[in-house]
Each structure stands twice: as structure tokens, then as C-alpha cells.
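> For reference, the structure I am asking about is given below.
The numbers here are math on the coordinates, done by the rules we state, and not lab data. Since the model is a prediction, treat every value here as computed from it, not as a measurement. Here Cβ is always computed from backbone atoms with ideal geometry, including for glycine, and neighbour counts include all displayed protein chains.
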Amino acid sequence: MEIGERIQELADRITALRDAYYQGTPLVADADYDAIEDELRALIEANPELTPDPNPLDQVGAPAVLHAPTRHARPMLSLEKATKPEQVVAFFERFPGQSVVVMPKLDGLSLSLVFEDGKLARAVTRGDGTTGDDVTPLVRALVDGVPDRIEIPGRVEVRGEAVMLRSTFNAYNAAHADKPLINPRNAAAGTLRAKDPATVAERRLQFFGFDLDTADEHAADDLGEGLGALGIAGADMRVCADAEQAQAAITAIEQGRNDRDYDLDGAVLRLADRNAYAAAGTRSNSPRGALAFKFAAEEKTTLLREVIWDVGKTGKIVPVAWLEPVFVGGTTVTKATLANQEVIKARDIKIGDTVLVRRAGDVIPFVAGVLDAAARTGAEIDIVSPTACPSCGQPVTEQGNSRELFCTNVSCPAQTVRRLIHWASRAGADIDAIGGKWIERLAEAGILENPSDFYTLTKEQLLEFDRVGEVSATRMIDSIDASRQVGLRRALIGLAIPMASDGTAARLARSGFGSLEEVADAGEERLVEVEDIGPKVAASLAAHLTRLRPELERLRAAGVSLDVRDEDLPPVVAAGAPLEGKTVVITGAISDPRSGEKVARPTFQRLCEKAGATAASSVSASTDMLITGAGVGDSKLTKAEKLGVEVVDQGEIWKLLIDANVV
């Protein structure tokens with residue numbers, strides 16, 4: 001294709017995508033749209049004589065208005081885009097001596113609020129940047145954070161973003177499973193395009209300000225203070241004096257993006273002084289005094305190639321989408337969850353569709369929906385729910401309002417393997433030397449069927465398998481032997497009883513039960529007396545532990561402890577606890593410096609809890625300290641460094657524990 005033809009094709013594509021986006025029916029993910037814009041921009045820069053007329057890159061916002069058209073007093077412009085730290089440095093060099101506000105770049109709908117003599121006169125969408133929709137009645141009825149009156153006379157304009165909070169989005173979709181919203185951003189746009197507020201009354205939005213324009217001489221020059229004086233929230237504004245501080249603020253916003261109750265796709269840098277911002281002026285379609293730093297996309301579109309129905313440890317059968325590989329949320333995704341058959345039906349998803357895939361942080365990727373059903377060719381295939389278990393062929397049952405599918409054959413091969421893998425997992429017995437692939441092989445060979453079978457394994461049996469040598473066989477047996485001290489809480493987790501969560505196991509261990517057999521004998525009435533255990537969970541525990549009683553006896557006979565462990569009881573926090581208020585993660589091999597003997601991680605974790613700490617299993621933005629032992633891997637250290645988490649050698653912690661008489 002000739003360059004000129006490609007430029008025109010991209011320009012037409014952008015125009016069509018914008019039309020659809022501002023109608024509330026986007027056809028591609030934001031990241032895909034950005035890639036199209038970037039390609040067009042690069043081609044025009046290299047071939048300026050082929051610039052299309054009109055050039056969609058010169059246009060801002062929506063191509064048309066749906067409500068009463070209202071002209072903005074000054075254009076609502078797009079922001080210059082940045083993706084590299086050196087662009088942040090260049091921004092500060094452009095305005096020497098000026099402080100900059102760094103705030104989250106919210107993923108919603110831009111609004112202009114105009115107050116006249118203290119009263120909200122009108123609320124207008126950005127529209128095409130020059131003219132927008134007057135949506136005042138909808139804003140009054142549906143948008144929180146917009147005051148009816150302010151205390152500043154004359155004309156005041158506040159610009160900001162109306163977003164649908166994630167909690168609102170999730171609650172709405174839970175109540176409207178038959179017709180769910182695709183994502184909070186599109187939901188916000190659709191809400192403020194409704195013809196009647198009553199039809200979208202459950203879809204409340206939240207307003208955050210990012211700009212203030214007033215002639216009042218008493219108004220604060222600082223943006224954050226000025227908005228605060230009006231009673232309008234800004235989205236977590238941080239004032240930075242230099243590029244280094246700004247980059248640190250950007251990093252903090254990105255690392256905490258999944259902890260917030262709203263979606264964001266970057267950070268905005270804006271001159272903190274409102275007068276300096278105004279004096280900086282504008283380019284053709286962006287203000288000079290602001291910059292948008294874009295984060296890696298957490299949504300992408302890709303092709304749904306196949307759906308596999310997967311059988312889990314409790315017999316639940318879930319649809320798994322096999323995708324054309326797509327890089328999203330920092331990793332290449334090839335599989336994503338489709339939840340259940342009701343979600344597939346509500347979102348009208350078919351094999352062969354181009355779908356929107358979302359991945360936030362460590363959350364399992366999921367298919368949010370089909371963006372452009374009108375683009376179907378007719379070759380797409382309906383996703384058909386199985387009537388028989390994909391593993392054992394037995395009939396399936398449906399449970400709950402979501403009509404989730406279950407295989408009720410407890411001898412189902414897939415369930416058996418998943419239960420064995422779960423028993424050996426870190427949360428369960430922690431048999432770390434035998435991975436899932438080996439458990440599958442041992443189950444296929446008829447050696448493993450129940451958790452108790454791990455404890456009858458011999459080194460000679462393992463050596464009969466290919467690629468198992470003396471060293472690895474010994475390591476596997478040693479790992480199994482160490483797991484015999486699993487105890488009540490982790491054994492209950494490892495048995496994978498439906499509706500009995502890790503929290504359920506922890507509460508039972510702290511509620512006076514001395515052993516797993518005592519829990520099995522308790523009966524439903526006694527179990528519901530335990531905090532946060534309801535009738536359904538109690539019934540599931542009672543029924544499954546009764547069925548599992550022979551297995552509990554076999555585990556006991558094999559020398560496996562099912563008694564409550566000290567580490568599972570409420571810790572007695574030492575006086576003057578040196579780690580009080582700290583959330584810690586422990587990694588590496590731990591040894592007592594007084595004896596040189598190895599200390600089990602749960603034992604050391606217990607000591608830290610007695611010193612006032614809260615122990616977590618993985619490093620996150622809320623972690624205060626990563627405690628390192630010997631042989632630490634790179635992953636947790638790398639994540640701790642990225643998040644700015646303090647890394648402390650175990651020797652320093654032992655000294656604190658000893659000085660505080662915790663040990």
C-alpha cells in the first residue's frame with residue numbers, strides 16, 4: 001500500500017473509532033487506539049506533504065454532541081503524551097523554578113462545571129474541545145462531588161473528570177448480570193448520555209477536579225488549595241519541586257493503581273501555580289503547562305480462538321478462553337477466564353470474536369466483553385456449555401443464580417489431580433519438592449489418589465520413573481516427611497472443602513478446636529457459633545468432613561498431625577512490640593543466629609507476629625518490610641525494589657526479637 005493510502009486509511013479509522021467511543025460503544029481498547037494514532041503521527045511527521053484534510057490528530061474529543069450544544073469559554077484540550085522519564089525531565093526544564101502537581105490520570109469523562117455568583121449554572125462535556133453537551137440535569141442527579149453552591153462570587157469554572165468507581169461498577173454488574181457494563185470508563189460516558197436520569201439512577205459517578213479558572217483575587221494560586229476551598233476533591237495531588245520527585249510520584253501512582261477505587265491510565269503533570277499555567281499558553285490542541293504520562297495498558301483487544309471447560313478441585317467446571325497472544329498488564333496473556341455460562345450469555349461472547357481482555361496487577365486476566373459485534377463475519381461459533389464432565393463424562397449439575405456447572409463425581413480424575421495438587425500447595429501441606437506435573441504423573445500411574453497416599457510413597461517407587469535420580473527422589477521424600485506437621489488449619493485448607501476458605505480455616509483454628517477431628521464432630525450448630533461462619537459453610541464443612549473421616553484416619557495413621565498448632569493460635573504480642581504496625585513478608589531460609597539451626601518459616605513468622613507485625617505472603621504496595629534469609633530469589637527482591645519496600649536482613653530482625661524478649 002502507498003504511504004498516502006495508508007495515511008488516509010488510518011485517518012478514516014481514527015474518525016470511525018472516535019465516533020463509536022463517544023457514542024459509548026468503543027470498538028477497540030485504548031492501547032490499540034493509541035497505537036493507531038502513533039502510527040499516523042509518525043507517517044505524517046515523515047511525510048508532511050501527505051497530511052490528510054481534515055487531520056484527525058488536530059481534533060480533540062468527541063466529533064459531535066448528543067445533548068444541547070454549548071460552546072466552551074476556552075477550549076478543552078488534550079494533553080501532550082509522555083512515556084519516558086526523560087520527557088518528564090524535559091517538561092521541568094521547560095519551566096525552570098516552577099513546582100508541578102502530579103496526580104492520577106483518571107479514566108472517565110471530562111466535564112466543565114461553570115458556577116455563576118456561587119450557583120452551579122451548567123455542566124458541559126468536553127465534546128470536540130470547542131463545543132460540548134450541556135448535561136447539567138444529569139450531573140445534578142447522578143454525579144457526587146459537585147457542589148450546588150460555592151462561596152466565590154462571579155464566574156468560576158472547574159474542570160475535571162467524572163468517573164464510575166469500581167465499587168459502583170461491580171455492584172451494578174452484580175445486580176444486572178443479564179446485561180453487564182463492559183468497563184467503568186464506558187459506563188461513565190454512557191451514563192452522561194442518557195436521556196432520562198431515572199434510567200441510569202444506579203450508575204452514580206464521582207467528580208474529581210483538575211483545573212480551576214476564576215477572576216477572584218482571593219482565590220488560591222495553588223491548584224489543590226483552590227479546589228479544596230470550593231469543596232471539590234482533586235485526585236491525590238502531589239506537589240513536586242523537580243523531575244526526580246515527579247518521577248517518584250508517577251511511580252507511586254502506577255504501583256498503587258490497583259488499590260484505588262477508580263480506573264486510571266497514567267499520571268498528569270501540571271504546573272502547580274494557576275497563573276503560571278495560564279501564562280504558559282497552548283499549542284494547537286494541548287496546553288503547554290501540562291503533560292500526560294501514560295502507563296502500560298491493562299486492557300487490550302485480541303482474538304478468542306477457543307474455549308476449554310476446566311474442572312477444578314471442588315468439581316466446578318469453568319470456561320477458559322484461549323486467546324491470540326496479547327501483551328497486557330505487563331505480561332503476555334494467552335488464557336483468560338470467562339467466569340461462567342451466564343456471563344458468556346450476558347456478554348454475547350462467541351469463539352472467533354475480537355474481545356476486550358483486562359488484567360490488573362496479579363488478578364487473573366478476564367474477558368470483559370465483545371467490543372464490536374457488528375464486525376462479525378458469520379464464521380463465529382456459539383460457546384456451548386457441556387452437559388457432561390469433560391474429564392469423567394458424568395452428568396453435570398447447575399448451582400446458584402449464575403448457573404455454575406459442577407461435576408458431582410468425587411472420583412473424577414480431574415478433580416482428584418487438582419485436589420492432590422492443592423493438598424501439596426504452599427497454603428496446604430507445602431510439599432514443595434513435588435510439583436503439579438509430577439503429581440499428575442503419579443496419579444496417572446495409580447500411586448496417588450488421596451492426600452494420605454503421599455505418605456506411603458517410597459524412594460524406590462519414585463526411582464522407577466524416568467528423570468528421577470537419587471538426589472531428587474530423596475528431596476521429594478524429605479519434603480513429604482516435613483509436611484507431616486501440617487496441623488489443623490493448613491490441613492483443612494488442603495482438603496479443599498467447598499465454601500471453606502483460608503479465613504474459615506484460620507477462624508476454626510482460633511476458636512478452641514484442638515484437632516480436625518473435633519471440627520468434624522462439632523456438627524452444624526456448633527460450627528455456626530464460630531465468627532463469620534454461616535449455615536451454608538457449616539453445612540458444607542459437616543457434610544464433607546463426615547465423608548472424609550476415613551481419609552482423616554489414614555492421615556493420622558501415617559503420622560500426619562491434624563492438631564492445632566501454636567502458630568495458628570492468636571499471638572500474644574510482646575510488650576513494647578518492635579514491629580508493631582509493620583506489614584512484613586519473609587523470604588529465603590531462616591536460621592536462629594544463637595544456634596545456627598534452621599527455623600521453619602511459619603515459626604519465624606509467628607515470632608514476628610508476637611513482635612506486633614502482620615505477616616503477608618507476597619510483596620505489595622502495602623508491605624513495609626521484606627525480611628530476607630539465605631538463598632533469596634530475585635523476584636521478591638526486584639518487586640520490593642520497584643515498590644520502594646525496605647529490605648532487612650533476618651539478622652537485624654533476630655536482634656530486635658531477642659532484645660524484646662520475644663524469643
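> Calculate the radius of gyration of the Cα atoms of region 534-663 to one decimal place, then report Dmax, the largest Cα-Cα distance, as a whole number, both in Å.
That works out to 18.3, 50 Å for Rg and Dmax.
> Relative contact order for the chain using alpha-carbon pairs under 8 Å, separation at least 6, rounded to a whole percent?
The normalised contact order for the chain reaches 9 percent.
> Additional query: How would region 299-379 be classified by its alpha-carbon gyration tensor: rounded, prolate or oblate, with rounded meaning a/c under 1.5 and the a/b versus b/c comparison settling the rest?
Oblate.
> Scan around F366 for amide H atoms under 5 Å from its own, H built in the peptide plane at 1.01 Å from N, and keep only partners 5 or more places away or cross-chain.
Residues meeting the amide H criterion: T337, R358.
> Which peptide among 145-155, 97-107 comes first, and what is the full order, when sorted by highest mean count of other Cβ atoms within 10 Å?
Descending mean neighbour count gives 97-107, 145-155.
> Go through the chain and flag any cysteine with no other cysteine's C-beta closer than 4.7 Å, please.
C240, C608
> Note the angle between two axes, namely the Cα long axis of helix 3-22 and the longest principal axis of the Cα atoms of the chain, as a number of degrees from 0 to 90, rounded to the nearest 10.
The answer is roughly 80 degrees.
> Sort 637-649, 477-489 for me by packing, meaning the mean count of neighbouring Cβ atoms within 10 Å per residue, highest on top.
Final packing ranking: 477-489, 637-649.
> Take every DSSP beta bridge with both residues inside region 571-659 and express the antiparallel ones as a percent of the total, to the nearest 5.
The antiparallel proportion sits near 20 percent.
> Using only Cα atoms, tell me the angle between helix 85-94 and the longest principal axis of the chain; keep it within 0 to 90° and round to the nearest 10.
With both axes taken from Cα atoms, the answer is about 30 degrees.
> Between the helical axis of 30-46 and the dominant principal axis of the chain, each derived from Cα atoms, what acute angle in degrees is found, rounded to the nearest 10?
Tilt relative to the chain: about 50 degrees.
> For Cα pairs less than 8 Å apart in space and 6+ apart in sequence, what is the mean separation divided by the residue count of region 299-379, i.e. the relative contact order in percent?
Once divided by the residue count of region 299-379, the mean separation gives 29 percent.
> Pairs of alpha-carbon atoms within less than 8 angstrom and 6+ residues apart define the contacts here; what relative contact order does region 3-58 have, in percent?
48 percent
> DSSP beta bridges in the chain, what fraction antiparallel, as a percent rounded to 5?
80 percent
> Which of the three applies to region 413-567, rounded, prolate or oblate, going by the alpha-carbon gyration tensor with a ≥ b ≥ c and a/c under 1.5 meaning rounded?
Here region 413-567 falls in the prolate category.
> Considering the values (1) 28.6; (2) 30.5; (3) 36.4, which represents mean projected area of the Cα convex hull in nm² as calculated for the structure under consideration?
The calculated read-out lines up with (3).
> When the helices in the chain are scored as -39500 (n - 2.57) per DSSP H run of 4 or longer and the sum is shared across all residues, what 222 nm value do you end up with, to the nearest 500 deg cm²/dmol?
So the calculated ellipticity at 222 nm is -10000 deg cm²/dmol.
> Another question about this same structure. Excluding same-chain residues fewer than 8 positions from K105, which aspartates and glutamates have a Cα within less than 12 Å of its Cα?
Straight-distance partners of K105: E161, D236, E254, D263, D265.
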